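The values are calculated or read from the model by the stated rules, or taken from the named source; none is laboratory data. Note that the structure is predicted; figures quoted are calculated from it, not measured. A quick note on method: Cβ atoms are made from the backbone with ideal geometry, for glycine too, and the neighbour counts reach across all protein chains shown.
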Amino acid sequence: MDAIVIERISKSFGETKAVNDVSMSVKTGELFGLIGPDGAGKTTLFKILVTLLRPDAGQATVAGFDVVKDYRRLRTMIGYMPGRFSLYPDLSVEENLTFFATVFGTTISANYNLIRDIYVQLEPFKNRRAGALSGGMKQKLALCCALIHKPDVLFLDEPTTGVDAVSRKEFWEMLQRLKIHGLTMLVSTPYMDEANQCDRIALMQTGQILAIDTPTGVEQLFDKPLFAVKATETYQLIQDLRRAPFTETCYAFGEYLHLTTHAGVTPETVNRYLIMHQHQHSEVKPIQAGIEDSFMALMQHG
Amino acid sequence: MNRFLAFVKKEFFHILRDRRTLLILFGMPLVMVALFGFALTNEIKNAKIALLDFDHGLHSQQITNRLLSSGYFRLVENVRSYEGIEATFRRGEVRLVVVFPPNFSNDYVHGQQAQVQLLADASEQNTAISLTNYATNIIQGYANEQNPSGSQPVAQINVEPRMVFNPELKGAFVFVPGVMAMVLLLVSALMTSVTIAREKETGTMEVLMVSPLTQPQILFGKVLPYLLLSFLNGCLIIALGVFLLGIPLNGSLALLLVETLLFIFLALSIGILISTIADTQLVAMFASLLIMLMPTIFLSGFIFPIESMPAPLQIISNVIPAKYFISIVKGIMIKGVGLGNLWKETLVLIGMSGVFTAISLRNLKSRLS
């Protein structure tokens, strides 16, 4: 059975269609990533799924329960970690955790095995006020609080936003380890480099789903020649390449430019063009498309 | 039940760990009572008085001597006529004029009744009250000594105090009930609406909503600690008023406490109502201050007598909860009346709480929108 089933869900705020006719499903035990830029509608979709918002149209079930009709039942079965840090800064680490455990009718010790890995890192600070924790620690505490009642489905809305790179990596490792417990996890993120950590991902843009697949599957959706190009004058390079007859798109990607061309274009063609435009130390190499390339391409067509 | 108690416990942590909250909770009533109290009760020593003695008899002499030897009064002027009194007051030195009418001593010895008139400058109302009270006591004391108990009462002295410039002495004992109303409104309505808005602002409200806690549980969990603390506050203010400022408590303490609880409940229901509308602490604060504190100060009769307001404001004052509470507290503490005289005000408070609670419950949502 699928843990989350979304059927043609729409939600508007005034004129803005935050979520527009979205359908997708998440399998039980899956680590599913909802990836898209700010304003794509990820948070609105999350709020519908965690029963905070009522959809305008369509229906959705989580763990087999309807998010509108069975919301009361559902609220005992899901864990939700909103984008902002939403714990009590004036309560200590332990008090926060105890509070959420009691609210969900359980105790820390009852589900300790689920949070052990994460909580051991927090335990030295258990008497510290949550407000005085570092960003990474806050996020771990929030995860513990969302897990403490052993939810069937865990919703993490942009958990890694505003967290340093090391903590982000650690956080994803924690999520990977949680899969052992059979937990279904829906994670949203604006960072495409995190997509590879997920079993499957959905790319979301302006309220719509552009693609749903495994990370590799999404990469393979990209069916055009792709080159990484570098030269000394990056700005001039991007201008020249965008004017080139063979170019479809050209974006800056770290130190390289990612150049998508018509079919049949070889590195030699590109190189000749660069020499003709007097670019020095140029480098052109064919590369495999990443998620971001696919996403850019899908956005273009979308 | 367990989860509700956990919620209440958390709420106490919030309150007890925030110095500003604590300061508002317990510092404010102390400061307000002290401010209003000591501004109102000046200790009186050697107040300057004038004498208008038409009698020139034995008893008028003896009473005057007794007044002057009490330590409270100092004679600075002998006035010759009624017309002179006003001029004396206008000079602003003399606070009290004692008038013995013609034949006072004669009336006192032969008749049943003798009159003494006390005229006080009530532009300083508190001094005026104290002075007339002191003088009345001294004069009555004199009369009682002349009529030892058991013997035939020969005569009585009627003391007739009159207040000049502010004859009705509005607002004299109003301040303790007024402070009580203000503090309870502030603590109950402002603090609860702000703390609920804070949860919305920080996002913890979302987490609470996506939990088995129901919306009424969340709200009552928020309100309960403030109910207890406000009640404590109310008791503190009553105690300060009675023991520190000497306000009488002529009526039933139990009734006073029940009415205080009722008013706190009303204030809390207003706080909840505000919180169902306000999404940020700032909005909650401004709403509380604007719709409650200002009208309470200006329209409840706390500072300005309702009778002297323009008609439209008098009409508005009818919807100010504090107005009813103040008259209840005054009724119980000063007049010593019971529920029989206060049932109307009590009903109004009950009705208002009912209406506000009903609206809040209707506004409650188990979702964000």
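Among the residues of the stretch B:270-299, those that are touching a Ser or Thr at 6+ places or on another chain (Cβ under 7 Å) and crowded, with 24+ Cβ neighbours inside 10 Å comprise B:G271, B:I272, B:I274, B:S275, B:A284, B:S288. Restricting attention to the stretch B:217-236 and to residues that are away from chain A (no Cβ under 13 Å) and surrounded by fewer than 20 Cβ atoms within 10 Å (Cβ to Cβ), the residue that is nearest to B:L256 (Cα to Cα) turns out to be B:C235.
Restricting the search to the stretch A:50-76, which residues are within 10 Å of another protein chain (Cβ to nearest Cβ) and either of a type in the set (A, V, I, L, M, F, W, C) or in a helix (DSSP H, G or I) (or both)? Let's see the steps before the verdict.
So the first thing to find is which residues in the stretch A:50-76 are within 10 Å of another protein chain (Cβ to nearest Cβ), and the list is A:50-54, A:68, A:71-76.
Those that are within 10 Å of another protein chain (Cβ to nearest Cβ) and either of a type in the set (A, V, I, L, M, F, W, C) or in a helix (DSSP H, G or I) (or both): A:V50, A:L52, A:L53, A:V68, A:Y71, A:R72, A:R73, A:L74.
Within this structure, A:L31 passes the test of being out of contact with any Gly (no Cβ under 7 Å at 6 or more places or on another chain) and more than 9 Å from every other protein chain (Cβ to nearest Cβ). Kindly indicate whether B:M285 is modelled with pLDDT of 85 or more, over 22 Å from B:V242 (Cβ atoms) and not small (G, A, S). So B:M285 passes the test. Apart from one condition, A:A130 fits all of (1) within 10 Å of chain B (Cβ to nearest Cβ); (2) closer than 21 Å to B:K10 by Cα; (3) modelled with pLDDT of 90 or more; the exception is (1).
Contact map, the stretch B:345-369: first residue within 14 Å of chain A (Cβ to nearest Cβ), second residue among the hydrophobic types (A, V, I, L, M, F, W, C), Cβ cut-off under 6 Å, separation 6 or more or different chains; pairs are B:R367/A:L52; B:L368/A:L52; B:L368/A:L53.
Go through the stretch B:77-134 and give me each residue that's of a type in the set (D, E, K, R), assigned to a strand (DSSP E or B) and in contact (Cβ under 8 Å) with a residue 40 or more places away in the chain.
The one that is of a type in the set (D, E, K, R), assigned to a strand (DSSP E or B) and in contact (Cβ under 8 Å) with a residue 40 or more places away in the chain: B:D121.
Condition check for A:F99 on (1) within 12 Å of another protein chain (Cβ to nearest Cβ); (2) part of a loop (DSSP other than H, G, I, E, B): one failure, at (2). Among the residues examined, B:F304 qualifies as assigned to a loop (DSSP other than H, G, I, E, B) and within 20 Å of B:V179 (Cβ to Cβ). Within the stretch A:79-92, restricting attention to residues that are more than 7 Å from chain B (Cβ to nearest Cβ) and in contact with a strand residue (DSSP E or B) (Cβ under 8 Å, 6 or more places away or on another chain), the residue that is nearest to B:D18 (Cα to Cα) is A:P89. Among residues that are aliphatic (A, V, I, L, M) and within 28 Å of A:S86 (Cβ to Cβ), B:A267 is not included.
In this structure, B:K48 does not satisfy being within 14 Å of chain A (Cβ to nearest Cβ) and either charged (D, E, K, R) or closer than 20 Å to B:P102 by Cα (or both). Looking only at the stretch B:41-52, decide whether some residue is surrounded by 19 or more Cβ atoms within 10 Å (Cβ to Cβ) and modelled with pLDDT under 85. Checking the stretch B:41-52: at least one residue is surrounded by 19 or more Cβ atoms within 10 Å (Cβ to Cβ) and modelled with pLDDT under 85.
Annotation note: of A:K126, A:K69, the sole residue that is assigned by TED's automatic domain parsing to the domain that holds A:P190, over 24 Å from the mean Cα position of the chain (by Cα) and within 18 Å of A:V5 (Cβ to Cβ) is A:K69. Tell me yes or no: at least one residue of the stretch A:159-171 is of a type in the set (S, T, N, Q) and within 18 Å of A:V22 (Cβ to Cβ). No; the residues of the stretch A:159-171 include none that is of a type in the set (S, T, N, Q) and within 18 Å of A:V22 (Cβ to Cβ). Take the conditions (1) more than 30 Å from A:M204 (Cβ to Cβ); (2) surrounded by fewer than 14 Cβ atoms within 10 Å (Cβ to Cβ); A:Q300 misses just one of them, which is (1).
Residues being of a type outside the set (A, V, I, L, M, F, W, C), touching an Asp or Glu at 6+ places or on another chain (Cβ under 9 Å), buried (at least 18 other Cβ atoms within 10 Å of the Cβ) and within 26 Å of A:S188 (Cβ to Cβ) are represented in the stretch A:212-230 by at least one member.
Kindly indicate the residue of the stretch A:254-268 that is closer than 16 Å to A:S282 by Cβ and touching a helix residue (DSSP H, G or I) at 6+ places or on another chain (Cβ under 9 Å) and also surrounded by the most Cβ atoms within 10 Å (Cβ to Cβ) among those meeting that condition. Only one residue fits best here, namely A:L259.
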